[in-house]
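The values are calculated or read from the model by the stated rules, or taken from the named source; none is laboratory data. In this text the structure is predicted, and so the values were computed from the model without any measurement. Cβ coordinates were reconstructed from backbone atoms using ideal geometry, including for glycine residues, and neighbour counts include every protein chain displayed. What goes into the accessible areas is simple: the full protein's heavy atoms, side chains included, and nothing from ligands, DNA or RNA. Shrake-Rupley method; radii C 1.70, N 1.55, O 1.52, S 1.80 Å.
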Amino acid sequence: MGTYCNIPLRERNIVLIGFMGVGKTTIGQLVAKKLYRDFIDVDQEIEKRHQMSIPTIFEQMGEDYFRKVERELIVDLCTNTRLKIISLGGGAYLQEEVRKACLSHGIVVFLDLSWENWKERLPSIVHDRPLLKNKTLEEIKQLFEQRKQAYSQHHYRVATDGLDPETVATRVMKLIRERDTE
Ligand code: S3P
């Protein structure tokens, strides 16, 4: 797939990226409402298509299988749809093909939460995140740091420390509106 894109800027999908549990789904839903667009959560879409939860897919089919499915779905959504708000699973953006498709066909918004704030959320998200299970806090911190490199490839960054989802969604919406009126 080349990087050429014939989708007008105003119609491009808005793609939310960031680490597990930063609020991509919640914020994506709110942004979709504000901009009168449809919302697609890639993990939920995969669960629906498989009639299985993400932890069960990891357990029964393995992570490599999951990564292939998520890559194919995201590339398809990026190249064949428009005007959507799409939230990715936190690991999807580590795949180069995914990054390229999102950056060339969509508008990528990185939701950036600091480690200090993120770790407070760990107890509430660990149960359905297979990649966090059986890891020490130090190991999770390493994963958090390693992924920053990939997430640094974006169009916009919104720092979310101390902000509620509604405020973050309003910021994302304003970025998009300002860009549209340039
Ligand atoms: C993953 C993040 C999860 C989900 C899967 C793997 C990851 O999505 O795709 O558990 O590798 O970071 P969220 O970012 O929505 O938690």
Given (1) touching a Gly at 6+ places or on another chain (Cβ under 8 Å); (2) away from the ligand (no atom under 14 Å from the Cβ), where does residue 75 come up short, assuming only one miss?
(1)
Given (1) free of Cβ contacts under 8 Å to residues at least 12 places away in the same chain; (2) away from the ligand (no atom under 13 Å from the Cβ), number of the condition residue 3 does not satisfy:
(1)
Name the residue, out of 38, 64, that is acidic (Asp, Glu) and under 16 Å from the mean Cα position of the chain (by Cα).
38
Search result, residues across segment 119-170 that are of a type in the set (Lys, Arg), in contact (Cβ under 8 Å) with a residue 40 or more places away in the chain, under 23 Å from residue 102 (Cα atoms) and in a helix (DSSP H, G or I):
147
So for segment 47-69 (the condition being away from the ligand (no atom under 14 Å from the Cβ) and either part of a loop (DSSP other than H, G, I, E, B) or of a type in the set (A, V, I, L, M, F, W, C) (or both)), does at least one residue qualify?
yes
Would you be able to tell me the number of residues in segment 74-91 that are small (Gly, Ala, Ser) and in contact with a Phe, Trp or Tyr (Cβ under 6 Å, 6 or more places away or on another chain)?
1
When restricted to 107, 140, the only residue out of contact with any Gly (no Cβ under 9 Å at 6 or more places or on another chain), open to solvent by less than 20 Å² (accessible area, probe 1.4 Å) and within 14 Å of the ligand (Cβ to nearest atom) is 140
Among all residue pairs at least 6 apart or on different chains, which show Cβ distances below 6 Å where the first residue, located in segment 30-57, is under 30 Å from residue 176 (Cα atoms) and the second is near the ligand (Cβ under 9 Å from one of its atoms) and of a type in the set (S, T, N, Q)?
41/25; 41/87
Quick one: would you say residue 64 is open to solvent by 50 Å² or more (accessible area, probe 1.4 Å) and farther than 29 Å from residue 171 by Cα?
yes
Can you confirm whether residue 179 is basic (Lys, Arg), in contact (Cβ under 8 Å) with a residue 60 or more places away in the chain and open to solvent by 50 Å² or more (accessible area, probe 1.4 Å)?
no
In segment 68-87, what residues are in contact with a helix residue (DSSP H, G or I) (Cβ under 6 Å, 6 or more places away or on another chain) and open to solvent by 50 Å² or more (accessible area, probe 1.4 Å)?
71, 82, 83
Test result for residue 101, within 16 Å of the ligand (Cβ to nearest atom) and within 22 Å of residue 44 (Cβ to Cβ):
no
Within segment 3-24, restricting to residues that are out of contact with any Asp or Glu (no Cβ under 7 Å at 6 or more places or on another chain) and assigned to a helix (DSSP H, G or I), the one that is surrounded by the most Cβ atoms within 10 Å (Cβ to Cβ) is 24
